[in-house]
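J.: Please read through the structure below; I'll follow up with questions.
The values are calculated or read from the model by the stated rules, or taken from the named source; none is laboratory data. Every value quoted in this text rests on a predicted model; they were computed, and no experiment measured them. Because the Cβ atoms are built from the backbone with ideal geometry, glycine has one as well, and the counts that use them run over all protein chains shown.
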Amino acid sequence: MSVTTASVTYTREDQRRAEVPYGSPVHNAVTGFLIREARLLDHRHLTEWATMLAEDLEYKAPVRITRRVQQWDQEFGTMGHFDDDYNSIQTRITRLTTTTNAWSEDPASRVRRFVTNVSVWETDLPDEYEVSSYLFLTRNRAEAKDYKQLSAERNDRLRMTADGFKVARRSIMIDQVVLGMPNFAIFL
Amino acid sequence: MRMIPRKEIVNEALSQMMDLENREVSVAMLHDQEIYELELERIFAKAWLLLGHETEIPNVGDYVVRLMGEDQVIVARAADGQVHVSLNVCPHRAMHVCLSDSGNARVHKCIYHGWAFRPDGSFIGAPIEREQMHGNIKTKAQLGLKKARVQLYGGLVFATWNIEGPSLDEWLGDMKFYYDMLFDRTDGGLEVLGPPQRLTIDANWKTAGEQSACDGFHTLTLHGSVIDIGAMGGEHDTAHESAPAMYGINLSGNGHSLRCIPADTSWALAHGKGDLTPEQRLEAFPPPGITPELLPELKRKMSAEQLHVLAKAPPVVGGMFPNANILFIYSPLRDGTLGSALVLHSIMPRGVNQFEWTTYYFAEKGTPEHVKEMMRAAATQGTGTSGIIEQDDSDTWPHMTESARGVIGRTETLKYQAILGENRPADWPDKAKVYEGFGKDDAQWEWWLAYHRLMTAD
């Protein structure tokens with residue numbers, strides 16, 4: 001197989017154990033965490049958002065490829081639109097919050113993140129969960145009448161700590177092969 | 001009423017819109033449908049275009065689908081082991097023959113009526129052979145997919161529809177001497193680090209095209225945030241003068257360009273001052289993308305003149321006319337060491353007000369795997385979709401394009417009037433046009449002159 005396709009499975013289904021029932025305390029806590037996270041990002045509370053990230057964070061958004069259905073399981077590449085860790089996310093936040101010339105988000109986009117279809121699984125570690133959620137995002141900027149939109153499935157590894165949940169891994173599976181927005185100066 | 005041929009109208013319009021004497025280009029050029037249609041014919045159907053890299057398709061039958069202007073092509077490795085580029089349009093009813101971005105197929109069979117083609121584009125036949133459903137007017141040999149002319153260079157796949165035109169070597173001219181230092185400098189050569197990023201920017205393709213020709217000046221302002229957070233080096237109080245190495249050597253030929261940053265500047269940014277000779281510095285601080293292990297290969301493969309350039313001021317950014325952008329830059333890696341990001345973009349028009357921006361990341365094949373992974377991460381964090389450098393560019397180009405929508409706005413001009421003039425240093429090779437000093441508009445104006453030559457060619 002050519003190097004253009006990844007054998008990596010970003011969904012990490014192999015790490016999922018028993019599914020946590022919808023409506024249970026853990027499921028509610030995870031859903032609440034994701035909603036709070038979306039609110040912080042939508043309101044550009046980026047420094048506060050960063051406290052929700054684990055220091056061993058892996059944050060990726062692999063490029064997607066249109067494949068025949070026979071190769072349905074090889075539609076994500078080794079390259080990504082994001083290929084980040086905790087430090088690089090901090091650098092992005094520093095740029096966006098402490099400089100006065102981060103032009104791609106100044107003036108800022110108006111972004112709304114709708115998070116739904118939350119599924120939670122236990123893992124081999126008692127304090128960690130695999131979480132799948134759907135993200136629908138609208139982004140409006142300046143006087144544009146239309147919205148740049150994006151839909152994706154996010155596969156997260158959440159870790160419960162004394163401080164609450166932390167995102168230890170996020171794989172963002174975007175539904176577009178050719179992105180409709182000109183950059184990701186925003187977080188997903 | 002006499003119909004005036006479009007070519008005449010456009011030639012007249014071009015002479016109005018490009019002031020060659022004063023080096024100004026009308027903003028209307030960014031929003032003109034007639035000009036755009038002519039660009040597709042005269043630039044994108046004539047130029048050598050970058051379509052990817054052969055390491056994307058290592059095996060017989062491997063293919064990727066790419067754009068040449070607004071035309072889709074199949075870039076495939078055929079049974080002969082060679083890379084072929086064929087129009088992705090069935091000669092029968094114009095259906096796209098190939099419907100996925102990439103894969104492996106020994107036969108590309110059109111899903112509409114079943115006409116089948118080999119990876120080299122040749123026609124195998126239509127279903128129900130005895131009925132000869134391709135008719136008896138044209139032979140099978142005449143019914144293959146339309147073939148582009150292909151040339152590999154350092155593994156990069158270039159193709160053109162200009163079958164009788166200049167060879168790729170002639171097209172690159174003197175600049176090939178410099179491009180060799182990026183693309184063809186080791187025994188193993190480059191490899192891609194995965195399938196490219198693709199995104200849409202609501203801007204005319206020329207906004208990104210002309211910038212790729214060594215617009216160093218915008219770094220100070222548009223990328224000021226990256227300088228402010230220290231990601232481009234420089235002393236704190238003088239960062240905006242020194243950081244992105246504003247003083248260097250720009251090169252230009254046939255509209256192609258490269259910007260060379262003095263190695264002592266890069267060295268000082270990375271390691272502080274030092275008194276190394278150029279040769280010692282090349283040892284201690286190889287050009288971007290070259291690890292210490294690869295240095296002997298580089299020295300063997302490059303000529304003495306090329307090694308001199310690499311030791312004095314290696315090329316790091318630039319473009320290949322009309323629509324490729326190069327960044328082979330130093331970049332910090334996540335393990336704290338100073339590494340590199342090797343990046344190529346192609347800028348493909350999708351209408352007068354939109355282009356597709358494709359981003360490839362590379363490493364030398366001989367790079368350790370864990371370093372390749374760090375290079376890929378560094379490239380992704382700095383350039384392309386989410387790159388903290390380039391996300392500001394993708395914000396700028398749409399504004400320029402929108403300016404051209406206003407009937408008054410389009411009467412403004414893009415000005416290329418800050419000029420260094422050719423001033424080749426005595427110890428620099430006598431190849432291409434050489435501009436030493438604070439990077440100015442010279443190479444970008446040369447890009448427009450190359451554009452003008454193609455647009456007015458018969």
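J.: Could you say whether any residue in the range A:78-101 is under 21 Å from A:Q15 (Cβ atoms) and out of contact with any Lys or Arg (no Cβ under 8 Å at 6 or more places or on another chain)?
T.: The answer is yes; a qualifying residue exists.
J.: Also, quick follow-up: Could you check the range B:27-55 and list, in sequence order, the residues that are under 24 Å from the mean Cα position of the chain (by Cα) and over 17 Å from B:E70 (Cβ atoms)?
T.: Passing the criteria: B:V27, B:M29, B:L30, B:H31, B:W48, B:G52, B:H53, B:E54, B:T55.
J.: Looking at this structure, is B:D174 under 18 Å from the mean Cα position of the chain (by Cα) and either closer than 26 Å to B:V316 by Cα or within 14 Å of chain A (Cβ to nearest Cβ) (or both)?
T.: yes
J.: Any residue at all in the range A:76-99 that's farther than 27 Å from B:V343 by Cβ and not charged (D, E, K, R)?
T.: no
Matching residues to (1) surrounded by fewer than 20 Cβ atoms within 10 Å (Cβ to Cβ); (2) modelled with pLDDT of 95 or more; (3) assigned by TED's automatic domain parsing to the domain that holds B:A231:
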site	(1), (2), (3)
B:Y360	no, yes, yes
B:T367	no, yes, yes
B:A379	no, yes, yes
B:G382	no, yes, yes
B:I389	no, no, yes
B:T396	yes, no, yes
B:H399	yes, no, yes
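J.: I'm trying to understand the selection: among the residues of the range B:344-369, which are away from chain A (no Cβ under 11 Å), β-branched (V, I, T) and touching a strand residue (DSSP E or B) at 6+ places or on another chain (Cβ under 6 Å)?
T.: If the condition is that a residue be away from chain A (no Cβ under 11 Å), β-branched (V, I, T) and touching a strand residue (DSSP E or B) at 6+ places or on another chain (Cβ under 6 Å), then B:I347 is the only one that fits.
J.: Can you go through B:P262, B:P278 and tell me which one is at pLDDT 90 or above, assigned by TED's automatic domain parsing to the domain that holds B:T337 and not hydrophobic (A, V, I, L, M, F, W, C)? Write out each step before concluding.
T.: Values: B:P278 fails: at pLDDT 90 or above.
The match here is B:P262.
J.: Hey, can you tell me all the residues within the range B:1-40 that are part of a helix (DSSP H, G or I) and hydroxyl-bearing (S, T, Y)? Talk me through it step by step, then tell me what you get.
T.: Taking the range B:1-40 and keeping what is part of a helix (DSSP H, G or I), we get B:6-17, B:27-30, B:33-40.
Correct list: B:S15, B:Y36.
J.: If you take the residues of the range A:90-121 that are assigned to a strand (DSSP E or B) and of a type in the set (A, V, I, L, M), which of them is farthest from A:S132 (Cα to Cα)?
T.: Step by step, filter the range A:90-121, then rank; the result is A:V111.
J.: Further question on the same structure: Within the range B:412-439, work out how many residues are at pLDDT 95 or above and either hydrophobic (A, V, I, L, M, F, W, C) or closer than 25 Å to B:H399 by Cβ (or both).
T.: The number of residues fulfilling the criteria is 13.
J.: Based on what the data block shows, is B:E356 more than 28 Å from B:Y435 (Cα to Cα) and either of a type in the set (V, I, T) or part of a helix (DSSP H, G or I) (or both)? Even if it seems obvious, please write down each step before you answer.
T.: Numbers: more than 28 Å from B:Y435 (Cα to Cα): yes; either of a type in the set (V, I, T) or part of a helix (DSSP H, G or I) (or both): no.
Here the answer is no, as B:E356 does not meet what is asked.
J.: Sticking with this one: When you scan the range B:195-214, do you find a residue that is more than 14 Å from chain A (Cβ to nearest Cβ) and either closer than 24 Å to B:L333 by Cβ or of a type in the set (S, T, Y) (or both), even just one?
T.: yes
J.: Filter the range A:144-185 down to the residues that are surrounded by fewer than 22 Cβ atoms within 10 Å (Cβ to Cβ) and outside any strand (DSSP E or B) and list them by number.
T.: Scanning the range A:144-185 gives A:A144, A:K145, A:D146, A:Y147, A:A162, A:D163, A:D175, A:Q176, A:V177, A:V178, A:G180.
J.: Please name all residue pairs, on different chains or six or more residues apart, with Cβ atoms under 6 Å, provided the first residue is in the range B:242-265 and is part of a strand (DSSP E or B) and the second residue is of a type in the set (D, E) and at pLDDT 90 or above.
T.: Listed by first residue and then by second, the contacts come to B:I249/B:E436; B:S252/B:E446; B:G253/B:D174.
J.: A further question follows. Name the residue that is nearest to the other protein chains (Cβ to nearest Cβ), counting only residues in the range B:41-88 that are assigned to a loop (DSSP other than H, G, I, E, B) and touching a helix residue (DSSP H, G or I) at 6+ places or on another chain (Cβ under 9 Å).
T.: Among residues in the range B:41-88 that are assigned to a loop (DSSP other than H, G, I, E, B) and touching a helix residue (DSSP H, G or I) at 6+ places or on another chain (Cβ under 9 Å), the one nearest to the other protein chains (Cβ to nearest Cβ) is B:E70.
J.: For the range B:370-385, check the following and say yes or no: at least one residue is more than 10 Å from chain A (Cβ to nearest Cβ) and out of contact with any strand residue (DSSP E or B) (no Cβ under 9 Å at 6 or more places or on another chain).
T.: yes
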